[in-house]
């Protein structure tokens, strides 16, 4: 999992965006402010925050090999 926005982090953690925003403002979540005013939270911090809420990040699933080079592949066709 890569960096996520504060809103995405709140969805992953199952808490309100206000709770995440508060923790960013108070410094208990490290986040980088973007030019548009949003906050970006890096992957290590995401894992730490999710653990503090008793959650674990979902593992990233690779694309099945059947997809590559097969224009007729549909999700659910399996590996």
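The values are calculated or read from the model by the stated rules, or taken from the named source; none is laboratory data. Everything numeric in this text was worked out from a predicted model, so none of it was measured. Please note: Cβ atoms are built from the backbone with ideal geometry, for glycine as well, and neighbour counts cover all protein chains shown.
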Among the residues of the stretch 2-18, which ones are surrounded by 14 or more Cβ atoms within 10 Å (Cβ to Cβ) and in contact with a helix residue (DSSP H, G or I) (Cβ under 7 Å, 6 or more places away or on another chain)? 3, 4, 6, 9, 10, 12, 13, 17
For the stretch 25-39, which residues satisfy the criterion of being under 16 Å from the mean Cα position of the chain (by Cα) and closer than 14 Å to residue 52 by Cα? 29, 30
Within the stretch 26-79, residues modelled with pLDDT of 70 or more, over 21 Å from residue 14 (Cβ atoms) and exposed (fewer than 10 other Cβ atoms within 10 Å of the Cβ) come out as 27, 35, 36, 37, 72
